[in-house]
Each structure stands twice: as C-alpha cells, then as structure tokens.
1. How much mean residue ellipticity at 222 nm does the chain get from its helices, if each DSSP H run of length 4 or more adds -39500 (n - 2.57) and you divide by all residues, to the nearest 500 deg cm²/dmol?
2. Tell me the net charge near Val38. Cut-off is 15 Å between Cβ atoms, Val38 excluded, with +1 for each Lys or Arg and -1 for each Asp or Glu.
3. Students often check this: by mean Cβ neighbours within 10 Å, which of 35-42, 13-20, 102-109 ranks highest, and how do the rest follow?
4. Note the per residue figure in Å³ for the convex hull of the C-alpha positions in region 88-189.
5. By how many nm would the segment from Leu130 to Asp187 grow when fully extended, if each residue of separation counts as 0.36 nm and the alpha-carbon distance is taken off?
6. Whose amide H sits under 5 Å from the amide H of Leu71, counting only residues 5 or more places off or on another chain, with H placed in the peptide plane?
7. Which net charge results when you count Lys and Arg as +1 and Asp and Glu as -1 among the other residues whose beta-carbon is under 13 Å from that of Ser72?
8. For Phe23 and Leu156 in one chain, what is 0.36 nm times their gap in residues minus the Cα-Cα distance, to one decimal in nm?
Amino acid sequence: QQNHPPVYDLRKQQTLFCVLTLFVLAMLLLLHMLFAVVLGEPGLAVITVLGLSFALRLAELGWLQSGSEPLSEFAAKLDGLVSIVTLFGLAVLLAWLTDRDHSPYQVLLAIPVLQAACLFRLVPTVLTILAADGAIFLWLWHYFALHPPALADEYLEAGMFAVVVALVGVLMWVVMRILRAHQAALDHT
C-alpha cells in the first residue's frame, strides 16, 4: 500500500512551491520599495540577493518543467530539501542585510514549513517548524543585543507569528496525510 502521492503530482507539487516562492520574492521586493519610509530603501545588496534568488528559482522552475519523466520521490525530496535550506539562508541573510527588529523577510520561513509538511514525515516537519520559530527568535535576540533595549512587543509579535507558522505547518501535514490516504483508497478501487 502506497502512502505517497502519485509520482506526477510530485512534479506539480514542487512546481507549485517554486511558483509560490517566486511570487513571495517579487512581493517582498515590491513591498520593501513601497514601504521604504518604514523599512528604508532596499540597498543594492538586498536587490542583488533577491534578484539572484529569483533567477535561481526560475532555473529550478525550468528544470521542473523540462522533465517529461515523472519526478521521483527521491528527486522531489532532494529538491525540497535544497529549497528549504536555501530559503532559511535567504531569510537570515535578508534580515541581516536590512537590520530591522522585525524583518518582513521572515515570511520566507513559512514556505519551508509548508514544503516540509508536504514532503516529509512528522518529525522532520516539526524540526522545520522549530527551526523556523527558532530563527525568528534568534534574530530578535541578535538584533536587540546590538540595538538595546529589547522591546517586549516585538517578542510578542514574533511569538504570534511563530504560533501561526506552527499551526499552519501541523495543519498542512495532517491535511496531506488525509489526502494521501484518500488517494491510496481511490487507487485500490
């Protein structure tokens, strides 16, 4: 009995995450420019990092769309793992480059949580959630160590975002398991 989505769906699933990431990257740059009064002008480093990330995602999308063979579970998980790690690195790098107490680029951490919930078992999904939530709080700790005093409302806001990330991640994991069970039942009828 197979508990995984049909192989064809893995290519669609990874394509969806790639398109979602492209959309979020574009929206983050647009929002940074629109709210430059609040966030400061996006510097050349921020624009370059976002541009390179966008280009790499376009290359990934091209790779995903060029394949005629179904995407194997191994290839999907490897692509997902690379995506998760790079999005964590990107969120941290952009937070560091913008040097704000609450970086809008932390929203990038939600994508790895969703992707882990779709691709992996519960333990790796929970570890991804904990890593995302940990990154949010570690950034605040780092920021306020350099720019005291620490503001309690920023920790409260980060805590609420961390709870939302955790809830969405666990909910997505449960929904994916239900969908896979239904797909397996349909495959056997």
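The values are calculated or read from the model by the stated rules, or taken from the named source; none is laboratory data. Keep in mind the model is a prediction, meaning the values are calculated, not measured. Don't worry about glycine lacking a Cβ; one is built from the backbone with ideal geometry, like all the others, and counts go over all protein chains shown. When the accessible area is computed, the model is the full protein with side chains, heavy atoms only, and any ligands, DNA or RNA have been set aside. Shrake-Rupley method; radii C 1.70, N 1.55, O 1.52, S 1.80 Å.
1. Roughly -28000 deg cm²/dmol at 222 nm, from the helical runs in the chain.
2. Values: positive: Arg100; negative: Glu41, Asp99, Asp101, Glu154, Glu157.
Spelling it out: positives minus negatives among the neighbours equals -4.
3. Per-residue Cβ counts within 10 Å, averaged per peptide and sorted highest first, yield 102-109, 13-20, 35-42.
4. 80 Å³
5. Working it through step by step, the gained length comes to 17.1 nm.
6. Arg11
7. -2
8. Difference between extended and current length: 45.1 nm.
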